[in-house]
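Before any comments, here is the structure.
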Amino acid sequence: HKMLEMEFSLSANLFPTKLWRLVNDSSVDAITWNHQGDGIIVNKNLIEKQFLSLNGFKASCSSSFVRQLNFYGFKKSQRFNRDEPNIHHYFHPNFKRNQPELIPLMRN
């Protein structure tokens, strides 16, 4: 378990770690956990305004952000909120609320 903590701290500049910090930041509305904590909800209208340019992401627009999600193995739910085309639900088996020790298991 100690080794996983060390790997997590070493990967502090990687996309999943930055994403983890944002989704756990209560001041960020663009990305939140779903109710179960096993996926994230992304509001594409807010994403660029709130954090892409401010938080060190290499992605400079929402499409680049989505490419990063895809690169790290996130999957988009097709059955989420069809009435809101700018709200998307993504999930990854190793990206869960209260389980940061799983992040080093993600592809990089």
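A short reminder: the numbers here are calculations on the coordinates, not readings from a lab. Here the structure is a predicted model, which is why all the values come from computation and not from measurement. Cβ atoms come from the backbone with ideal geometry, glycine included; neighbour counts cover every protein chain shown.
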How would you rank THR17, THR32, going from fewest to most other Cβ atoms within 10 Å of each one's own Cβ? THR32, THR17
Listing GLU48, GLU84 from the residue with the fewest other Cβ atoms within 10 Å to the one with the most, what is the order? GLU84, GLU48
Sort LYS44, LYS75 so the one with the fewest other Cβ atoms within 10 Å of its own Cβ comes first. LYS75, LYS44
